Every structure is written in C-alpha cells, then in structure tokens.
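The structure appears right after this line, and notes come after that.
The values are calculated or read from the model by the stated rules, or taken from the named source; none is laboratory data. Please read all numbers here as calculations on a predicted model, not as lab measurements. With ideal geometry, Cβ positions are generated from the backbone for all residues, glycine too; neighbour counts draw on all protein chains shown. Side chains are part of the model used for accessible areas, which takes the heavy atoms of the whole protein and leaves out ligands, DNA and RNA. Shrake-Rupley method; radii C 1.70, N 1.55, O 1.52, S 1.80 Å.
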Amino acid sequence: MTTAFLRAETLVAGGGLAGAAAALGLVQAGREVTLIERETQPCHKICGEFLSAEAQDYLSQLGLDVAALGGAPISRLRMIRGSESVSADLPFPAIGLSRFKLDEALLRHAEISGVNLIRGHPIRKISVNDKILLDIEGIGAAEPKLLMLATGKHELRGAKREFTPKKNSKNLIGFKMYFQLTPAARASLEQTIELIFFPGGYAGFQMIEDNKANLCLLIDRDRYRHCGNSWEMLLTDLKAASPILAGQLTGAEPLLDQPLTIYQVPYGFIHQPSETDPPGLFRLGDQACVIQSFTGDGMSIALHSAALAVRAVLHDQTSNTFQRQLAIDVRAQIKRADTLYALLNSPAAQTAVFEIAKLWPGSLKIAAQLTRVPSKVRIR
Ligand SMILES: Cc1cc2nc3c(=O)[nH]c(=O)nc-3n(C[C@H](O)[C@H](O)[C@H](O)COP(=O)(O)OP(=O)(O)OC[C@H]3O[C@@H](n4cnc5c(N)ncnc54)[C@H](O)[C@@H]3O)c2cc1C
C-alpha cells in the first residue's frame, strides 16, 4: 500500500490565532503556505476573551477589521474579593470578543488571502530527526521544510512541551460559561473586566459581543471536588463567596449546555530551544510560552510569536534564533505574572494587595501594564 503524500514546503499545524496569523503573514510576504486545522467548523474555546490593545494592533496589521466583529469595549478593571471591590482605568482600550468569532474571522481572512487551508484533518503525530515528518489523519504524510507548530494547548505526539508544572497552578481546573444577564447586571459590567478572587482561584467576568457575558474561572481541583465535581454546585459555592458575583448572576440564563473545561495548563512554560532542535521547527503561541490567564495577554503573545516567526523566516533565521528571541521578549512579563499569581493565591498577601489597590488604584494600572508584551519588542 502506498502512503498518500501532501506536498507543502511550509506547513502550519493549527489554525488558532498563532497559526492563522503566521500563515497570513507569510502569504502576505509572497510565500506559499498550507495550514492544517483539525476542526471542520468554528468552535468555542476556553478563554476569558479579553482582547488587549496589543493583540488588536497585531490583528489590524494583518488586515483584520477587529472593530467590525462587534466586540464589547472594555476600559476599566474591577478587582473583587468577597463584598469589597476596587477599580481603576486600564492603561489601554480592550475588547471582549468570543474566540468563536475572532478565530474564524482570522482563519477566513487567511484563506481569502491565499493560505491553502485544510480543515477537519488532525495531525496525528510528528517525528523530528534530521527532517520533519508529519502523519495527518485522512491525508497521509507530509515532510515540510518549515513547520509552524501552533496546536495551542493540545500536545502533538512526538513534540510534547517539556515542563514541570508549578505547585500552585498544577491543580487548577479552568471553566468557561456564557450567560445572558439581566439589564441591570449588564449595566454593572459595562466597559469593565472584573477579576474576582476566591480562596483557591479566581474568575474573569466581562461582556462580549451580542450582549453575552463570559465567566471564565480557574479553581483548585480540591475545591471542585468539595462541590461534588458539579459545575452547578461550584457556581453556588462561588456565589456564596462573592455576593457581588451572586448579585450579577441573579436571573442570569446560562447559554451553553455545559461549561468548557481545561486542566493542567502549563503556566510559566517558555520553550527552551536546544542545539538538537531541527532548524525548521518553529513553536508558536501556547506551544512556545504560556502566561497566567488573569493577565489577558495570551492572545497577544500568540500573535507576537507569529509576527516574530514570520520575520525570522523572511530573514532566513533558524528556529533556534527565533525561539531564543521570543523567550527574551516575553520572559519578564511571564515571570511577573507568575509572581503576582503567587501573591494573589495567598490569603494574607491577597489582603495586602487589596489594601494597596484601595489606597492607590493606579497600582492596578501598573500591574496591567507590566504583564503586557513590552512596546519596544512589538513588531510593526
Ligand atoms: C482559562 C483561560 C483563560 C484565558 N483567557 C485569556 C484572555 O482573556 N485573553 C487572552 O489574551 N488570552 C487568554 N488565555 C490564553 C489564550 O487562550 C491562549 O494563549 C491562546 O489561545 C493561544 O493561541 P494559540 O493559537 O497558540 O492556540 P489555540 O487558540 O489553542 O489554537 C490551537 C489550534 O490548533 C488546533 N489543533 C490542535 N491540535 C491539532 C492537531 N493535532 N492537528 C491540527 N490542528 C490542531 C486547534 O483546533 C486550534 O484551532 C486564556 C487561557 C486559559 C486557559
């Protein structure tokens, strides 16, 4: 039996933001690119869906009209713990926009711009010795010279991320649910991203397009177990811990049958390239580095990694050079985010952070700024 073969010199694995942006950047520079995405249709992704200003800039540079997608504008951050809250203006304008809409818009834009998009074919495994060899379900083999590995949170057999999870985040479970809120609750979230802290976790709560609200949370597995591994009971438990959230969810209608979930996110991961890495294998987005979710900067890092990889390819740099540069660009913000998370995870330090924020709301602005891709490294 002969194995079918897909001819593609440059191949992108995964059509999320990182993969679609890299493919788009390369075709805009005149390269031929094939992108393999395992899903046939747009789908929901677990994400707080807070789109920062840098992420919007990167998308605009690629020619995507983000404003036309109808996201909800966000200009304020409100931190909540129990019944106390403190607010500050964000140092940049953000948008609440679903990944369902955003990822599909970017992927369609990539296809219209000339990317050879192949959907509905998961890559089963990869082997990387002296060359890169892929096994693609329903298609066969491919042996690209250049591979942009952008499968996000999903590990690809043969190219698993190497990382020892930190103690304080290895047991976190993530959930995302959409709600239709009452008009009063919607008004309370207008222009606002809320970060709600609980013992053992936190939630992000904000509006997205079409008047929907996104509640995305990360909670210690033990607390979830304590709630009988039930989403409804967990929600009741969190509402009891946060009267402000309880008020906002009164009369709210859940919009998904079940919440989306995720487990064992490798927060703090930064891919360390080794001399034995094949020169044509570029790791992008979550496959290259993972920042704490509360920063709302993962999408921006994913887009930065794509822009940097495109520049590296166009300048004939090896993936090793690219990976080292990416690590330098994002290391400080990822480390600061880890430190902030560790602080907010300890009840005593949490109290101190809240007291400081109440006395000096500008400190929230500084924290938001310090967990961004720094302006000086952004590719324009
Ligand atoms: C709980 C949580 C909340 C978050 N909130 C925010 C936020 O508010 N703001 C923010 O900026 N970031 C946030 N992030 C981070 C953000 O979601 C990620 O950093 C971002 O999605 C990374 O993009 P990506 O393109 O690398 O991966 P993804 O978006 O995961 O895309 C990967 C793509 O690859 C495809 N794929 C996977 N495996 C295969 C395969 N074998 N073959 C072919 N295709 C494949 C998938 O279908 C998918 O389309 C959050 C993350 C978590 C976990």
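Some values worked out for this structure:
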{"quantity": "Those residues of segment 93-134 which are under 19 Å from residue 27 (Cβ atoms) and among the hydroxyl-bearing types (Ser, Thr, Tyr), in sequence order", "calculated": "113"}
{"quantity": "Which numbered condition residue 201 misses (of (1) in contact (Cβ under 8 Å) with a residue 60 or more places away in the chain; (2) buried (at least 17 other Cβ atoms within 10 Å of the Cβ); (3) at positive phi)", "calculated": "(1)"}
{"quantity": "Scope segment 106-138; condition more than 21 Å from residue 283 (Cβ to Cβ) and not in a strand (DSSP E or B); matching residues", "calculated": "108, 109, 111, 112, 113, 114, 120, 137, 138"}
{"quantity": "Top-ranked residue of segment 106-128 - restricted to ones that are in contact (Cβ under 8 Å) with a residue 40 or more places away in the chain and more than 13 Å from the ligand (Cβ to nearest atom), ranked as most open to solvent (accessible area, probe 1.4 Å)", "calculated": "116"}
{"quantity": "Filtered residues of segment 20-37 (kept if in contact with a strand residue (DSSP E or B) (Cβ under 8 Å, 6 or more places away or on another chain) and either within 20 Å of residue 58 (Cβ to Cβ) or open to solvent by less than 30 Å² (accessible area, probe 1.4 Å) (or both))", "calculated": "20, 22, 23, 26, 31, 33, 34, 35, 36, 37"}
{"quantity": "Failed criterion for residue 186 (all others in (1) on the phi > 0 side of the Ramachandran plot; (2) out of contact with any Leu (no Cβ under 9 Å at 6 or more places or on another chain); (3) touching a residue at least 24 places away in the same chain (Cβ under 8 Å) hold)", "calculated": "(1)"}
{"quantity": "Positions within segment 155-197 being of a type in the set (Lys, Arg) and open to solvent by 10 Å² or more (accessible area, probe 1.4 Å), in sequence order", "calculated": "157, 160, 161, 166, 167, 170, 186"}
{"quantity": "Some residue of segment 297-318 being among the polar types (S, T, N, Q) and open to solvent by 30 Å² or more (accessible area, probe 1.4 Å)", "calculated": "yes"}
{"quantity": "Of all residues making up segment 207-256, the number that are over 26 Å from residue 187 (Cα atoms), among the polar types (S, T, N, Q) and open to solvent by less than 30 Å² (accessible area, probe 1.4 Å)", "calculated": "1"}
{"quantity": "Residue check, residue 276 assigned to a strand (DSSP E or B) and within 30 Å of residue 160 (Cβ to Cβ)", "calculated": "no"}
{"quantity": "Pairs with Cβ under 7 Å, 6+ apart, first in segment 271-292 and within 16 Å of the ligand (Cβ to nearest atom), second open to solvent by 10 Å² or more (accessible area, probe 1.4 Å) and acidic (Asp, Glu)", "calculated": "292/338"}
{"quantity": "Count - residues of segment 129-154 that are within 26 Å of residue 314 (Cα to Cα) and surrounded by 13 or more Cβ atoms within 10 Å (Cβ to Cβ)", "calculated": "14"}
{"quantity": "Given (1) at pLDDT 95 or above; (2) of a type in the set (Lys, Arg); (3) away from the ligand (no atom under 11 Å from the Cβ), index of the condition residue 38 fails", "calculated": "(3)"}
{"quantity": "Breaking point among (1) farther than 30 Å from residue 53 by Cα; (2) assigned to a loop (DSSP other than H, G, I, E, B), for residue 141", "calculated": "(2)"}
{"quantity": "Only listed residue being under 23 Å from residue 205 (Cβ atoms) and modelled with pLDDT of 95 or more, chosen from 302, 349, 367", "calculated": "302"}
{"quantity": "Which numbered condition residue 67 misses (of (1) open to solvent by 60 Å² or more (accessible area, probe 1.4 Å); (2) within 15 Å of the ligand (Cβ to nearest atom); (3) aliphatic (A, V, I, L, M))", "calculated": "(2)"}
